[in-house]
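What follows draws every value from the coordinates through simple rules; no lab data is involved. Owing to the predicted nature of the structure, the values given are computational and were not obtained by experimental measurement. FYI the Cβ positions are ideal-geometry reconstructions off the backbone, even for glycines, and counts take in every protein chain you see.
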Amino acid sequence: MHLLCVDDEADFLDLTATYLQRKLPTATVHTATRVADAREIIETEPIVFVVSDYEMPEQNGLEFLHTVRETHSDLPFILFTGKGSEEIASEAISAGVTDYLQKRGTEQYDRLATRIRHAVAEYQAKRDLRERVKELTAIQTISDVLVDSDGQSGGQLQQVVTHLPQSLQFSEEAVASLTIDETEFTSPEYEPPVEQFTVHDVTAAGNEIALTIGYTTNAVTEADSDVFLPEEKELSTTILQLVTAYLDRRHVLSDLQEADRRLNLILENTTAVMYLKDTEGRYVFVNAEYERLFDVDTEDLVGQHDDDIHPPEVAQTVQANDRRVLETGEPLEVEEQITVDGDDRTYLSLKVPALDTAGEVEGVFGVSTEITERKKREQQLEGLNRAIPRLLSAETVEEVAERSVIAAREILDLQANAIHLYDAESETLAPVAYTDGVLELIGEPPTFREGESIAWRVFEEGTATAIDDVQSDADIYNPESPIRSELHLPLGEYGILMAGSPTPSNFDTQDVTVGEILASHITTALSQVTTEQTLRERESELEAQNERLEQFASMVSHDLRNPLSVAIGNLELYRDSEDKSHLDTVETSLTRIQDLVTDLTTLARHDSPAETHEPVSVHEIARDAWELIETRSATLSTEPCTVTGDPSQFMALFENLFRNAVGHGGADVTVRVGPLEHGFYVEDTGEGIPPGERDSVFEHGYTTGYSGSGVGLTIVSRIAQAHNWDITLTDSSEGGARFEFRSTDSTEAPNR
């Protein structure tokens, strides 16, 4: 401790200092013979006690006391004087002196040391108490500021740095700053301090906090001690801890408030049904969706059981599921059928045990989400999976369409639906299959042409589309139609599946999605059928070609070889005998070979469908063909007749028919050509063809021995096939052969 002894007598002052140093060995004794020097020592040294003489030249002891009390009101002060009187003692006590002693002998130094020791202890205790009170007051004030805060934290943190400097030893020069991450709060009239120290902390949320206190002047610096008292550093740490706790509390409260806000949002706005029941099955809480769904208030529902709300069979199922949760203590996810406004709905319910603070089960909390539509879609997809094999097993386009409209009605509930397939020849979307619902709604479905309907537009775009109100669509086909909404499902290049309803907006995005799945399967089935049909046709063509190749091989190997052998043999005989009669046989054989080559060439040329179809004058072609064959004395009679076909193939057909008629009917036969509805006929007045042989005359190689090749009527048959004609062989009015040719294409115009 630092003591100050003031006395104008230097020898006595040294004696006093010596005795006090002995009696108080831990003390540092400062001396002054002049009052001015004493005041300077008090201001520059940590003096905790003053011993002063009474009689001094500049000021007496009491006057000096008054000077000290102006700046250090509680500094212990003993008046130690050789001049004693009751008047001085009374005045000294009135002035607030700590003690009054007279200079009587060396024993007084013992009393002086004792008085100093007690007075310093009391002074330090009072000073510590004041500092502690000051510190506690600051802590309490700041704590009250932070605890009472309900608003934004910025104002409270600003008050912290405003109050804090008042608690420091040199409050006039003290400043404080508080930094939270990048945000800083400073005390009023803040200036960068000359001396400072900083304490740090981190909040639970990870915010870095720094509290800095300092002094703006170094006038308070002490030569032999730290500027900042330990109490000040401890106070700063405590204040920072309060701030940290305040921020942590606000963070927790903020999290709780946000969690509460979110929970309320969920409870008030979720489409799921939420509820809490006690162990007896009584309702404790329900959310807003539950109230809306069953038209009941929470207050009215609390305390009731499921029997009071649901039909008996529903209540029994729900209660059984609740009991499983209570008995096992495990969560349960289960589908429940609930009746709402008379409708059976499916809910996916998640039920969990509700625990109290002790961890005991006190009830069941449940969340139920309606999955009626999802179950419906699942059933639809299952139905589609079952329908796929039926679609793929269809053998014709018409069969695919019929099965598809049934699937659309039974699986997707498209009661009025139809399939229109694209017809390349007429360039239309023609109805192929439709449900009874279509007939009930609009009657027979129409055929659509390019640019005149919504169906055609969607068919071209190739995108599944739901029309909420066809009356507002510019491409509506029939404005008078009772249909208000439509679902259009393109089937690729094959056509479109359409569904209609008299109700606006009857088809949603889910209908489009599931409909697209069905449409893709229908498209696959149509592709498969058309591909198989093409393959079958190709296979049939290949079989026919193979058959014709075999016929050609037979004719080349047999029909041509025989006359060729005869010609070679007779030529050898002629060379040996020079008998010219053998040359006649050679000539006949060569003529036979020539006829066979002609027939083979004709058969090959007309073995494929006609490529050029145009109006053909039958009677003119017939007359031209008549001129090309050896008709002897036979006659030809024709009537005007026009059909569609290939002129060159027509020519070959008539040549072979005429050659056959002249060859079988005799030299004077009459051949007639005339029109039929959708065709024409060729007949003669010859012997005719017996009914038993009519099925064989068109076969390759058939001949009755008039020296024909047996190929002529085969050529006729092939040309008819190439033109899609049916051939009927019957008797003419004179008993001869009558060939009737009729087109199988009903769209072909009758003869003109």
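Could you put Ile88, Ile496 in order, starting from the residue whose Cβ has the fewest other Cβ atoms within 10 Å?
Details: Ile88 19, Ile496 26.
The order, fewest Cβ neighbours first, is Ile88, Ile496.
Please label the shape of region 270-370 as rounded, prolate or oblate, based on the square roots a ≥ b ≥ c of the eigenvalues of the alpha-carbon gyration tensor (a/c under 1.5 means rounded; beyond that, a/b larger than b/c means prolate, else oblate). Please report the intermediate quantities before stating the final value.
On the way: a/c = 1.64, a/b = 1.37, b/c = 1.20.
Because a/c hits 1.5 or more and a/b exceeds b/c, region 270-370 counts as prolate.
What 222 nm value per residue comes from the helices of the chain, counting each DSSP H run with n ≥ 4 as -39,500 (n - 2.57) and dividing by all residues, nearest 500 deg cm²/dmol? Please report the intermediate quantities before stating the final value.
Details: 20 runs with 344 residues, N = 752.
One gets -15500 deg cm²/dmol as the mean residue ellipticity at 222 nm.
On average over all directions, what projected area in square nanometres does region 331-385 have, based on the convex hull of its Cα atoms?
Computed as one quarter of the Cα hull surface, the answer is 5.0 nm².
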Short to long, in 5 Å steps from zero, the percent of alpha-carbon pairs of region 149-251 per bin is 2, 13, 25, 25, 17, 10, 6, 2, 1, 0
Ranked output for segments 295-303, 518-526 by mean other Cβ atoms within 10 Å, highest leading, reads 518-526, 295-303
The size of the Cβ-based charge dipole (Lys, Arg +1; Asp, Glu -1) of region 376-534 about the Cα centre, to the nearest 20 debye, is 500 debye
Between Asp344 and Glu539, Cβ-based FRET efficiency (R0 41 Å, step 0.05) works out to 0.15
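Once you sort the root eigenvalues of the Cα gyration tensor of region 20-62 as a ≥ b ≥ c, which label holds: rounded (a/c under 1.5), prolate (a/b larger than b/c) or oblate (the other case)?
Values: a/c = 2.61, a/b = 1.54, b/c = 1.69.
Taking the square roots of the gyration eigenvalues as a ≥ b ≥ c, region 20-62 is oblate.
Want the number for His200 to Thr513: 0.36 nm per residue separation, take away the alpha-carbon distance, what's left?
Values: separation 313, 0.36 × 313 = 112.68 nm, distance 6.15 nm.
Gain on stretching His200 to Thr513: 106.5 nm.
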At the level of C-alpha centres, the distance separating region 408-442 and region 340-360, in angstrom, is 46 Å
Phi-derived 3J(HN,Hα) across region 37-44 with the Karplus relation (6.51, -1.76, 1.60, θ = phi - 60°), rounded Hz, x for Gly and Pro, is 5, 5, 4, 5, 5, 4, 7, 10
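Can you tell me the order of 67-76, 651-660, 462-471 when each peptide is scored by its average per-residue count of other Cβ atoms within 10 angstrom, highest first?
On the way: 67-76: 14.7, 651-660: 23.5, 462-471: 16.3.
Sorting 67-76, 651-660, 462-471 by mean packing, highest first, produces 651-660, 462-471, 67-76.
Efficiency by 1/(1 + (r/R0)^6): what FRET value for Asn269 and Gln241, r their Cβ-Cβ distance, R0 = 41 Å, to the nearest 0.05? Mind showing how you got there, number by number?
On the way: r = 41 Å, r/R0 = 1.00.
So, using R0 = 41 Å, E works out to roughly 0.50.
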The helix 372-392 Cα axis meets the longest alpha-carbon principal axis of the chain at an angle in degrees, between 0 and 90 and rounded to 10, of 30 degrees
Ser617 and His2 label points (each 7 Å along its Cα→Cβ direction) are spaced in nm at 14.7 nm
Dividing the mean separation of Cα pairs under 8 Å (6+ apart) by the residue count of the chain yields a relative contact order in percent of 5 percent
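Would you mind calculating the gained length between Glu450 and Gln316 on full extension (0.36 nm times residue separation, minus the Cα-Cα distance), in nm to one decimal?
Numbers: separation 134, 0.36 × 134 = 48.24 nm, distance 6.06 nm.
Using 0.36 nm per residue and subtracting the Cα-Cα distance, I get 42.2 nm.
Antiparallel DSSP bridges in the chain: what percent, to the nearest 5? Walk me through the numbers on the way to the answer.
On the way: 90 of 111 bridges.
Bridges in the chain are about 80 percent antiparallel.
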Among Gly443, Ala36, Ala95, the residue whose Cα sits farthest towards the positive end of the charge dipole of the chain, when +1 is placed on the Cβ of each Lys and Arg and -1 on the Cβ of each Asp and Glu, is Ala36
Taking Cα atoms, the helix 86-95 axis meets the longest principal axis of the chain at an angle in degrees (rounded to 10) of 10 degrees
For region 494-509, Karplus-derived ³J(HN,Hα) couplings (6.51, -1.76, 1.60; θ = phi - 60°; whole Hz; x for glycine and proline) come out as 8, x, 7, 9, 10, 10, x, 8, x, 9, x, 6, 7, 10, 10, 4
The long-range amide H neighbours of Cys5, using H built 1.01 Å from N in the peptide plane and a cut-off of under 5 Å, are His30, Thr31, Ala32, Val51
proj_area_mean for the chain (convex hull on C-alpha atoms), units nm², value 74.7 nm²
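With charges set only on the Cβ (+1 for Lys and Arg, -1 for Asp and Glu), what does the dipole of the chain come to about its Cα centre, in debye to the nearest 20?
Numbers: 56 positive and 143 negative charges, 258 e Å.
Taking the Cα centre of the chain as origin, the dipole is about 1240 debye.
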If the label point sits 7 Å along Cα→Cβ of Asp745, residues of region 619-661 with amide N under 14 Å come out as 643-647
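Which whole-number percentage describes the relative contact order of region 376-534, with Cα contacts under 8 Å and a sequence gap of 6 or more?
Numbers: 283 pairs, mean separation 37.1, N = 159.
Once divided by the residue count of region 376-534, the mean separation gives 23 percent.
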Once phi for every residue in region 729-738 is put through the Karplus expression 6.51 cos²θ - 1.76 cosθ + 1.60 (θ = phi - 60°), the whole-Hz ³J(HN,Hα) values, with Gly and Pro written as x, are 10, 9, 9, 7, 4, 8, x, x, 8, 10
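Calculated FRET efficiency, Arg324 and Ile371, Cβ-Cβ r, R0 22 Å, to nearest 0.05? Could the numbers behind the result be given before it?
On the way: r = 20 Å, r/R0 = 0.91.
About 0.65, to the nearest 0.05.
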Residues whose modelled amide H sits under 5 Å from the amide H of Thr685, counting only those 5 or more places away in sequence or on another chain, are Thr670
Among Leu392, Ala720, Tyr477, the residue whose Cα sits farthest towards the positive end of the charge dipole of the chain, when +1 is placed on the Cβ of each Lys and Arg and -1 on the Cβ of each Asp and Glu, is Leu392
The long-range amide H neighbours of Gly645, using H built 1.01 Å from N in the peptide plane and a cut-off of under 5 Å, are Glu614, Val616
Per-residue Cβ contact counts at 10 Å, fewest first, order Lys376, Lys277 as Lys376, Lys277
Measuring from the longest principal axis of the C-alpha atoms of the chain, the long axis of helix 712-722 (C-alpha) lies at a number of degrees, nearest 10, equal to 30 degrees
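Give me the Kirkwood hydrodynamic radius of region 376-534, using the inverse of the mean 1/r over all pairs of distinct Cα atoms, in Å to one decimal. Write out the running numbers ahead of the final one.
On the way: mean 1/r = 0.0647 Å⁻¹.
Answer for region 376-534: a Kirkwood hydrodynamic radius of 15.5 Å.
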